[in-house]
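The values are calculated or read from the model by the stated rules, or taken from the named source; none is laboratory data. Being a predicted model, the structure only gives us computed values, none of them experimental. Here Cβ is always computed from backbone atoms with ideal geometry, including for glycine, and neighbour counts include all displayed protein chains. Quick note on the areas: whole protein, heavy atoms, side chains included, nothing else; ligands and nucleic acids left out. Shrake-Rupley method; radii C 1.70, N 1.55, O 1.52, S 1.80 Å.
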Amino acid sequence: MILIGNGARHSIFGLILIFSTFSLAFGQDAAPTGSNPALAGYADYNEVTRRVQELEKSSWASARSLVQTAGGREVWLLTLGDPREGCVHPFADGPLTVSFKEPPAFLIVGNVHAPHVVGCEIALGIAEDLVAKATAGDEGVVNFLKRFTVYVIPSPTPDATEKNFTRRPWREQTGNLRPTDDDRDFEIGEDPPSELNGDDWITMMRVHDDLGTHRAHDQDPRLLVPVDPKKNERGAFRLFVEAVDSDKDGSFGEDASDGVDFNRNHTFNYKYFGKGSGPHQVSEPETRAVVDFAFDHPNIAVVLTMTPEDNLFKPWRANAQAEREAIKTTLLTADAPFTDFLAERFRNLHGGKDALESPKGEGSFSEWAYFHYGRWSFASRGWWIPKTDPPKAEKLDDDAKTDESKDASADGLPAIGPNAGALANQDPQPGARRGGAGGGRRGGGPPGDASGAATSASDGAAGSAREGQGSQASQTAQELNALNWFAANQIEGFVDWTPIVHPDFPNQTVEVGGFKPFYRLNPPAETIPSLIGPHVAWLLEVGGHLPTIELRDAKVESLGANLFRVTCKVTNTSFLPTMPEMGRVSREGYPLQVILEGNQGSKLEFIEGSQRNSISRLDGLGGNAEQSWIVRVSGEANFSGRLLVYGPTITPVETKVEFK
């Protein structure tokens, strides 16, 4: 905890805000700015800092910065727990023990995928909810925070996140402020996406071509789907991100110098030379600071990451055959029953249905936390667009049907149809629709969608694999559902196809349109409070399943001549093992330590066994390990000692032993 008074703390926060403003004004963050209408009601960096500062006023929370970014922003860490200063594990100061100053802990990390700003909101909201309930005397939360520490990093990549709030034209950006050569042609930022139709959004452009790769969808011609030559399907369009070919290499919008992506910069399944991966693993100050913090805190037992790479609604699957390989790349079969159970409990608490498929990470944080950090690692998307019925078709008379059929132009432009008005790229009345000039938001529902579809642009690339759309049929169904949801909630999340004159396609019909970024990834802001409660309830429940160690059947048997045999069973009475099997395999999990020691007036000579033994892993619900020593006791007449079991991810236990 920060050992300074509240006044000093708040002065420091003020200085940080001033310094950050100066750095952003004169540093590397220069770019056309504005206020993203898709993120109206969400907390930008300054608002996150204000809320962190507000939490600091509580005795249940402290805050500090893990690192300052290139843009002068702080990566905030909140620590929630027992407000008693200097509180340590009981019995942690014996002659051979390691002193753990923090109880077993949870680590909650917000939007590792920078455009997924709802992840920051949920992580910060969890901290606010826990502190508010503890302050109000909620018995369950008070007991939880007395037993566990909760570390919260609301936004591990604040520079990248802030781009999505302020950098125009609007597109989903995942990288920090490091200059990068995204297309590896020895030029930096020479071919960014370009806003071509005057609406301030980067979407897609389609070029009419009878040998194209895409065709209009049968149900809704606004959507484009890839053609299948094996089915004798004919294309009508070629599809590109909205851009001009600035470097004349035949590609569009492939190098905006988008920086390094926090969620592609970790060591597991790292994609060398990939866009956003960075010059090497853990190359960025933000990544290094979070990873170092994790390794410096062995008391972390569970990691919860807010990310589209969800494994709570779409749990990881074990693969016994792959498990035989030396390098583990799938969930271990020994861990699967526990992750499946806790994921099912989360689904029951959350209540969402029809969850999206999750993408496989490439250098992602949540996968690193399991495979290379060896902890229970769970990932929550938080929200996706709920299943929505299509609008009821309007009954048209014969004249109207004839007029509609004439809407299709001679060069093959699809008719938009009677529902286009609700989704057209028009300036609405202030506050009328999310996404318009007024930035109004409507439309809650079960917790949303990370896009990356054929008719959307994500981080300067069409069809971003980061968003995990599943099969083409599944992706198309999600797009159709998104259009239904937009229409039902008066959200302008789609730009109708608009003809433009494009310098790279002379004498060809080119149109700009498609899904706006952010709208399928983040819900309307008023939905956020309903997403926090299920996560808090799940954390409290998981706390009840973390290992509880008991010393059972402790016995001392006299063998004569001051020789004694000491035996006991170290038993785990809770559901979860003392570490994941991956923690044992990776050797990143800390084994339990079992110590037999005499009191201050007695001396133990170990004839058989060592004074300190290690137990690698105990299964849950009765998993046990028998311990045995033979010792010679000398010293005072009344010989006594104690058995102690401790480890960074458990609450230590001890029992007294008498040598008689």
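Side notes on the structure shown:
- Annotation: extensible slack from residue 628 through residue 608 equals 6.4 nm (criterion: 0.36 nm per residue apart, minus Cα-Cα distance).
- Within the accessible area of the stretch 469-595 (1.4 Å probe), percent carbon and sulfur: 50 percent
- Where a label projected 7 Å from the Cα of residue 357 along Cα→Cβ would reach, residues of the stretch 289-313 with amide N under 14 Å: 310
- Convex hull volume per residue in cubic angstrom - Cα atoms of the stretch 547-658: 91 Å³
- Residue 327/residue 167 FRET efficiency (R0 35 Å; Cβ-Cβ; nearest 0.05): 0.35
- The figure for residue 133 is an accessible area of roughly 80 square angstrom, using a 1.4 Å probe on the protein chains alone.
- Range of Cα positions in the stretch 275-328 per principal axis (Å), largest first: 37, 28, 25
- Neighbour cut-off at most 11 other Cβ (10 Å), DSSP loop, trypsin sites (Lys or Arg not before Pro), the stretch 364-393: 392
- Of the peptides 493-503, 509-519, the order by per-residue mean of other Cβ atoms within 10 Å, starting with the highest, comes out as 509-519, 493-503.
- Cross-linked pairs 163/248; 555/656; 328/360; 163/516; 133/353: Cα-Cα separations exceed 19 Å for 163/248; 133/353.
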